[in-house]
Structures are given as structure tokens and as C-alpha cells.
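A short write-up of the structure that comes next.
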Amino acid sequence: MKMKTNKLWLPILAALLMAVLFNACKKDKYVALGGKCPVVESTNPINGEINVQRNKIITVTFNEKMDPATINLTSFSLLQGSIKVLGTLTYDGTGVTMSFAPTTTLAPNELFTGRLTTAAKDPLGNALQTDYIWSFQTGSTLDTIRPFVISTDPINTATNVVLNKIISANFSEQMNPATISGSSFKINQGSTAIAGVITYTGTNAYFTPSSNLLPGSIYMATITTAAKDLAGNSMLANYTWSFSTSTSTTAISPSVIATDPTNNQTGVALNKIITATFSTQMDPLTITGSTFKIDQGTTPITGSVSYSGLIATFAPSALLISGSIYNATITTGAKDLMGNPINLDYVWTFSTVSTVTVPVLPFVDLKTVARFGIIAGVGVSNNAGFSVINNMDVGISPGVRSSVTGFPPATIVNGAIYASDDILPPGTAAMLTQAKADLTAAYLFAEAATSPAPVTVAGDMGGSTLTPGIYKSASTLLIQAGDLTLDAQGDPNAFWVFQIPSAFTTVGGAGGNVILSGGAQAKNVFWQVGSSATIGDFTSFKGNILALTSVTMNSGAVATGRMLCINGAVVLTSTNIINKP
């Protein structure tokens, strides 16, 4: 019997088609159509973490925005054994992170299990494909340390403040972003409240006025006790400071205050990343290839432009040419957050090194990721002790700020933490995306290097002395029986590339150190690791680890180099030090 077409079937057919598309996530078809399935990217505490503060706020970060109606106490639960922990869950849908605040402090020295079920869905109805389960163990203590304001910009009683000033406050620790709002960060001129946009990133809160401040006026800024840290501790009292604006009604134009290379610098390296530092925060949308240009004579140089903090970065697509003069230009198209352009094009000149010693080994170019001592995909943690990263930054992408833990007590000297969800400094997410892309490119280059011909190594390299070259393992690699010495034989440009398709481990104690001799430099040593790297207890390590999965530094390990991983986490176990190579 032939069925007649009936319009009543149309809505049913449409519903069936939508159901097929939404459920296609399970068969990886929805991704082929340009969509994506929701997944849990990271948690805080991370899976397996111990000594977690008992008044911890638990967070879960997704790879995309979710439907807030599905992020609730039905889809999420926290269990102590079989007992469900009571608490308040928040997820406003403007970001990708949910927070769970237990009603009472968690029991000491107990194992807790978090579960997010497949009832959690994105706005299109695509659900988590499996329940996400992780666990952590509490310690015996509570976080009772109150946060406080360390510094402000402008400082208290500052005068002649520019009219387009962004007011900021730096806290002693990470704060709960939900508490940094118009009720906790206020600017007043007399009794008049100033309208503005409040943002928070890292340990800094920013107030961007909706319009320029008035000339010759006194302003009062206040951080109230409504601002709380992640453990719910509030400041002891309101923090108040004042400043006065300039009497000039002329808008203050941003300017370039420093460059690298500097003007007329000679002998610049061929792999140089060119940067310009501004006097104020710029609109990242105006820092592009059309406003930041590098030319060799009349020939434009291709490259990628990024912006973070106060610094614009130009990474050339290829090595610069030796013995050549280059002109760098920042045009008046570069504007600050208030729309004020720089007054005139800023131009400076530099020249590259005239002669080049061609290294016998392939040059592994880290490009923009070279600024980082640590970069990771989903987590960076300092589990115990006063670890230190010297003269380099710490980054995480696509993971978020809440997945960076243990800073403090860990500290960063002459560097900062950057996370993919940081709103400020502007351009942070794009900068991190570029750095991760450069890391991946360096990893693939090191993995594929074949000239000169790789030397096969296996098992334990401890007690060996290796001259420059490419060293290739068929499986895991170990440094245990003694120290591994890398002898440059008097050549400071000597390179080592270690190709390790699986795990790489150094074992501290009687051996396991990496020793440099004959002028060898840690910056020229690269460890390409196909899975995870572990630096053993109290190991003295040299070189740049480019790991696919994760990097762990065991207790007391010290490195001159970088701990860079593409997908997973970097873990500092206890009082580790990373020095810039």
C-alpha cells in the first residue's frame, strides 16, 4: 500500500533528523558536520591529587559552553564513600567552568569522588558520551589565610593620572572570580559611582571605565570584603585608595617604550622573535600584520603577530637572512582600549649577524614557546614545597587558570602565569594558541630529524659521554647507572636531539644527572618524548623536554631548560627549580 504524503509527518521527520544529528556525536558524525561533542577538559582538584584543602571549591571545566539547565545537582555529585556531599553548584553559561561549594568543610584525610553524568549537555543537546569520574584525597588542614591587596595601579595618592586609565588591583592569591564584581570593586568621584567593566584574571582585578575620567578630578577606589579567595576567605577590611587625574583634556596616546631588538642593534640572531612593548594596554584587535610589519628593504617579511600584556610579538615564518638590514614598524593603526592610536608610526632598524656558523645538527626552533619554562595542555601543579621558575613564564592551553595549582607556594621570578581563559592581558588566548602550535611544530621537527644520521641508543644511557648528534631510541630511555655527559668538544653551537618514542626517565641518587662539558649549552639540548617524561629525585637535568603527554619533576629535581608538554600536565612534586637555559 502506497503511503500518501501528509504534512503532519513533516514536524516528526524534522524531529527525527535533529535527533540523528544530536546523537551522531556517538558515531563521530556530528564532528564531521563541523560540530563537537562536549567533554571534560580539566578538574580542580585534579584526579589523584592529595592533601587537598578541606574548604576547597571544586571546579569542572568543559571544552565548550554547556546548557546551564543540565549542569545541576542531578548531573553532578561529590561522594565521600557512598555518602553524597551537600553543596551549592553554580554555572551561569557565560564561561565553560562549573563550581561546587560544599555546604560544610570536607572531612580530613578522606577520599572523595566526583561524578558528572551524561545528563550534562551542550546547548544543542549533545551529551557527554560517558560519565566523567575522578577522585582526590583531603589533607588535615583548612585554608584560613585571608587574601589582601598587594598593590594597585594607580598607586595611592597618585597624581596626573591619564584620563583613559584602567584601574587595577593585585591580590595576594587567586580570588573567586564570581566575587570580583561591581559590589566588590568600586570607583567613585565624590558620591558619584563610575560605570565600568570589571574583569579578573590570575591575581589581578581590572576596572575599565565606560568613558574617559574627568580631568583634574579626585577618584576613590575600593575593594570590599565581598571579594573572597577560592576557599571563601574574605579580606579583613575594605581596601581603599585614591588618585587624581591630569588637568589636561588631551587624550594621552599610547606609545612604544621598548623594542627587542633595540634600534640600530647589530648581530641579531637569525631566529629572532621581534617584540614591541607599549606604554599601556592595547586593543588586541588592532595588533595585526597590518599594524606590525617587518621589511627587508622593500620586501615584506611574513610571520605571525600576537599580543599579550603590553607586548606585541612578530614571529617570522622563516629564519632571517644573515648580514641584512631590517626595518620594523608599528603603525598608527595600533590603538589602546579607549581607541586612542599612537601619534606617529614607530620605526626602528636592526641588522642580522653577518656570518653564520651552520650547525651540524638540525635547528629546533621553539619560536614563541621559548618564553615558557612550563607549558601544558590540561594542568600545571606544584604539589608541595617552594618551587621556583626563573626568568620564564608558565602557560596552560587549552586548560584554564583553575587547573594551575600550588602557585603559591611556588613562585615565578621575572615571569607570569598565562591561561587560555584569561581575559586580561588582552590577547592571552591567541598568544597561548600560537605557543602551543610552535611547540607542536618543534616536536614534529625533532621527531623527524634525520641529518646527520641518527645513532641508535637503548636502555640506560647512564655513565655515557655523547658528542653532538641525533640519538634515536626504539622504545623507552633511561638515565640511571650514572651521569650522562654531553661533550660539545669546544663548539658552543653544538646540538643534541634525543628521539624517544615512549617514556623517558632519569633516576636520581647515585646517577641520573645530565652533565654539560666542552662548552655545551642547555638551550641546544632537546628531548623529544613520545609519551611522558619523569625527572628523578634530586636530579640535575639539562635541556628542553618536548613531551607529547606529560612531564613530572620528582622531589628536589633541578633543571636548566624547559618542561613543555603538548596534551597533558606538568607536575612539580616538591621544591623543584627550573632555570632559563
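At-a-glance table
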{"item": "Some residue of the stretch 248-257 being closer than 30 Å to residue 104 by Cα, of a type outside the set (Ser, Thr, Tyr) and not assigned by TED's automatic domain parsing to the domain that holds residue 493", "result": "no"}
{"item": "Criterion (part of a loop (DSSP other than H, G, I, E, B) and crowded, with 21+ Cβ neighbours inside 10 Å) met by exactly one of 415, 399, 385, 373", "result": "399"}
{"item": "Residue in the stretch 467-483 that is farther than 24 Å from residue 535 by Cα and assigned to a loop (DSSP other than H, G, I, E, B) present", "result": "no"}
{"item": "The stretch 45-89, subset basic (Lys, Arg) and surrounded by 18 or more Cβ atoms within 10 Å (Cβ to Cβ), residue nearest to the chain's Cα centre (by Cα)", "result": "56"}
{"item": "Matching residues, the stretch 397-443, being hydroxyl-bearing (Ser, Thr, Tyr) and within 25 Å of residue 286 (Cα to Cα)", "result": "397, 418, 420, 428, 433"}
{"item": "Odd one out for residue 57, checked against (1) in contact with a Leu (Cβ under 6 Å, 6 or more places away or on another chain); (2) assigned by TED's automatic domain parsing to the domain that holds residue 229; (3) not acidic (Asp, Glu)", "result": "(2)"}
{"item": "Residue 252 modelled with pLDDT of 90 or more and farther than 30 Å from residue 409 by Cβ", "result": "no"}
{"item": "Checklist (1) buried (at least 16 other Cβ atoms within 10 Å of the Cβ); (2) modelled with pLDDT of 90 or more; (3) not basic (Lys, Arg) applied to residue 225, failing item", "result": "(1)"}
{"item": "Which listed residue is among the β-branched types (Val, Ile, Thr) and buried (at least 20 other Cβ atoms within 10 Å of the Cβ), from 470, 423", "result": "470"}
{"item": "Residues being aliphatic (A, V, I, L, M) and closer than 17 Å to residue 147 by Cα - total across the stretch 168-210", "result": "5"}
{"item": "Residue in the stretch 433-455 that is surrounded by the fewest Cβ atoms within 10 Å (Cβ to Cβ), counting only those that are assigned to a helix (DSSP H, G or I) and without any contact (Cβ under 8 Å) to a residue 40 or more places away in the chain", "result": "448"}
{"item": "Given (1) touching a strand residue (DSSP E or B) at 6+ places or on another chain (Cβ under 7 Å); (2) surrounded by 19 or more Cβ atoms within 10 Å (Cβ to Cβ), number of the condition residue 406 does not satisfy", "result": "(2)"}
{"item": "Residue count, the stretch 363-410 (criterion: free of Cβ contacts under 8 Å to residues at least 40 places away in the same chain and over 15 Å from the mean Cα position of the chain (by Cα))", "result": "1"}
{"item": "Filter result (surrounded by fewer than 24 Cβ atoms within 10 Å (Cβ to Cβ), over 26 Å from the mean Cα position of the chain (by Cα) and part of a strand (DSSP E or B)) within the stretch 500-528", "result": "515, 516, 517"}
{"item": "Lone qualifier among 334, 312, 328 - being more than 30 Å from residue 497 (Cβ to Cβ), buried (at least 16 other Cβ atoms within 10 Å of the Cβ), free of Cβ contacts under 8 Å to residues at least 40 places away in the same chain and hydrophobic (A, V, I, L, M, F, W, C)", "result": "312"}
{"item": "Matching residues in the stretch 49-88 - criterion: being part of a helix (DSSP H, G or I) and either in contact (Cβ under 8 Å) with a residue 24 or more places away in the chain or under 27 Å from residue 552 (Cα atoms) (or both)", "result": "68, 70"}
{"item": "Yes/no for residue 191 being surrounded by fewer than 14 Cβ atoms within 10 Å (Cβ to Cβ), over 30 Å from residue 102 (Cβ atoms) and either modelled with pLDDT under 90 or of a type in the set (Val, Ile, Thr) (or both)", "result": "no"}
{"item": "Condition met for residue 44 (without any contact (Cβ under 8 Å) to a residue 40 or more places away in the chain, among the polar types (S, T, N, Q) and out of contact with any Leu (no Cβ under 7 Å at 6 or more places or on another chain))", "result": "no"}
{"item": "Residue match in the stretch 535-542 (condition: under 30 Å from residue 40 (Cβ atoms) and within 21 Å of the chain's Cα centre (by Cα))", "result": "no"}
{"item": "First in the stretch 532-547 and farther than 19 Å from residue 568 by Cα, second anywhere and of a type in the set (Asp, Glu), Cβ under 8 Å, 6 or more apart", "result": "none"}
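The values are calculated or read from the model by the stated rules, or taken from the named source; none is laboratory data. None of these values were measured; they are calculated from a predicted model. Note that we place each Cβ from the backbone using ideal geometry, even for glycine, and neighbour counts take in every protein chain shown.
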